[in-house]
2 protein chains.
Amino acid sequence: MRLSILIYDGFTTLDAVGGYEILSRLPGMETEFVAATPGVIAADTRALGLLAWKGFDEVRSTDILYVPGGPGGFAMEKDERFLAKLRDLDATSTWTFGVCNGVGILGAAGLLKGRTAACNWFYQKRLAAHGATFSPARYHRDGKYVTTAGVSAGIDGALYLASLIAGEAVAKALQLGIEYYPAPPFPEKAPLEAPKEIYALIEGFEKSEGREQLAQRPVFEA
Amino acid sequence: MRLSILIYDGFTTLDAVGGYEILSRLPGMETEFVAATPGVIAADTRALGLLAWKGFDEVRSTDILYVPGGPGGFAMEKDERFLAKLRDLDATSTWTFGVCNGVGILGAAGLLKGRTAACNWFYQKRLAAHGATFSPARYHRDGKYVTTAGVSAGIDGALYLASLIAGEAVAKALQLGIEYYPAPPFPEKAPLEAPKEIYALIEGFEKSEGREQLAQRPVFEA
């Protein structure tokens, strides 16, 4: 079974790595990191690069199509080559997996019309423009589409997807293997539960992660 | 403030990226990925490479020294150049952060003598050989040393460290920014709570991640 994780300039690394750490360990899985052009792809922080060791031209089909989010994802919603590749691979996939605003890119490709999807908290109002209905769940399945809330939710969603693919015993072993019995230091469970001043900080964090800000940040020298 | 994340052949990506996704976003943080020799470093799965864009020679001091674990970490425990670099950087750091069996590498460098530390569930009995006492906590602070349980626990430990560095409001905003209100699909909270057959699966998973197996696995073609 093949897992193809599509990355792009300005993706958020944990969006991609959270689910990768689960799904790539499923028995018999072949995992590949894919970008339009092969090479090192800079993450949103500009302090980290991941190697996309396959280009779009080398990947014609896949079993699991995985699209992470990140501030660079907004540009991908208008990138016709990226969207066409998503449509092509989705036509062959058994599962299509979106994390955070990566779900929005799937939406922009027209893949979520009439479907319900989870996504980043701050993206929820934009889903309707893609003909999709927002689910506030941490992850959600609609047919072959498994979508998740922001960033770290890719871990939870991937564990769920792992159980669908390989059964509960394997998924449980993976959950315990990565010691995912989380104990976050703070009790708030969603941005709206946070005190107002914290909510404002998060909003600022989200805004500062926009693509304009991204463009202004220097990238590591590879 | 500078964050230096040391990676090496066969590290586990989520060990490094979980905490990176938090700490790199602290206001004013400069983050660098460092390896003995700069270049793409292959993770344990051999399906992912991260760019170490600084070599040991370029990094003489740091504020936060961050050491992830992974099956390749066992070789680092005997790698005198790696251990010497840890000792040098630790001598300058304000905080030293270890995840999973990355804590064991800190131990092998002699940095945890007489200290208490958290670490990977399957590493706990080996801590004593480094003169350290195992803590079953998800993360633990002993002086400037913040150590965590396996893989995903780096997220929790980094949020805790973020609160020590930048205060609770910022750490809370980061926790909510990465939507870390986890909902793991399965209820077991530690390997020993798992049914016997699942525990056996995890043990197998840990054993199959040894460095001998690592050496036999083909690496992506960069």
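Side notes on the structure shown:
- Residue by residue, the stretch B:62-70 carries 3J(HN,Hα) couplings of 7, 9, 10, 9, 10, 10, x, x, x Hz when phi is fed to the Karplus relation 6.51 cos²θ - 1.76 cosθ + 1.60 (θ = phi - 60°); x denotes Gly or Pro.
- Restriction of the trypsin sites (Lys or Arg not before Pro) in the stretch A:63-108 to DSSP coil positions whose beta-carbon has at most 16 other beta-carbons within 10 angstrom yields A:78.
- Compactness of the stretch A:2-214, taken as the C-alpha radius of gyration over 2.2 N^0.38 Å, stands at 0.96.
- Sorted from closest to farthest, the other copies place their residue A:128 label points 6.3 nm away, with each point set 7 Å from Cα along Cα→Cβ.
- Pairs of lysines in the stretch B:2-214 whose Cα atoms sit within less than 16 Å of one another amount to 4, provided the residues are eight or more positions apart or on different chains.
- From phi via Karplus (6.51, -1.76, 1.60), per-residue ³J(HN,Hα) for the stretch B:151-156 in Hz, x at Gly/Pro: 6, 5, 5, x, 5, 4
- Shortest-first nm distances, residue B:110 label point to equivalent points in other copies (7 Å, Cα→Cβ): 6.6
- Across chain B, Cα pairs under 8 Å and at least six residues apart give a relative contact order of 20 percent.
- Normalised radius of gyration (Cα atoms, divided by 2.2 N^0.38 Å) for the stretch B:87-141: 1.02.
- Taking amide H atoms as placed 1.01 Å from N in the peptide plane, the amide H of residue B:72 lies under 5 Å from those of B:11, each 5 or more residues away in sequence or on another chain.
- In the protein assembly as shown, the C-alpha radius of gyration followed by the widest Cα-Cα span (Dmax) gives 20.1, 60 angstrom.
- Pairwise centroid distance, computed over Cα atoms, of the stretch A:92-171 with the stretch B:83-161, Å: 35 Å
- For residue A:167, inter-copy separations between label points set 7 Å beyond Cα along the Cβ vector come to 5.3 nm, shortest first.
- Evaluated on the stretch B:27-116, the Kirkwood hydrodynamic radius is 13.6 Å, with distances taken between all distinct Cα atoms.
- Over the residues of chain A, the helix contribution to mean residue ellipticity at 222 nm works out to -10000 deg cm²/dmol, using -39500 (n - 2.57) for each DSSP H run of at least 4.
- A cut-off of 5 Å between modelled amide H atoms, ignoring neighbours fewer than 5 places along the same chain, links residue A:132 with A:114.
The numbers here are math on the coordinates, done by the rules we state, and not lab data. Remember, it's a predicted structure, so these values are computed and weren't measured experimentally. Note that each Cβ is placed from the backbone with ideal geometry, even for glycine, and that neighbours are counted across all protein chains shown.
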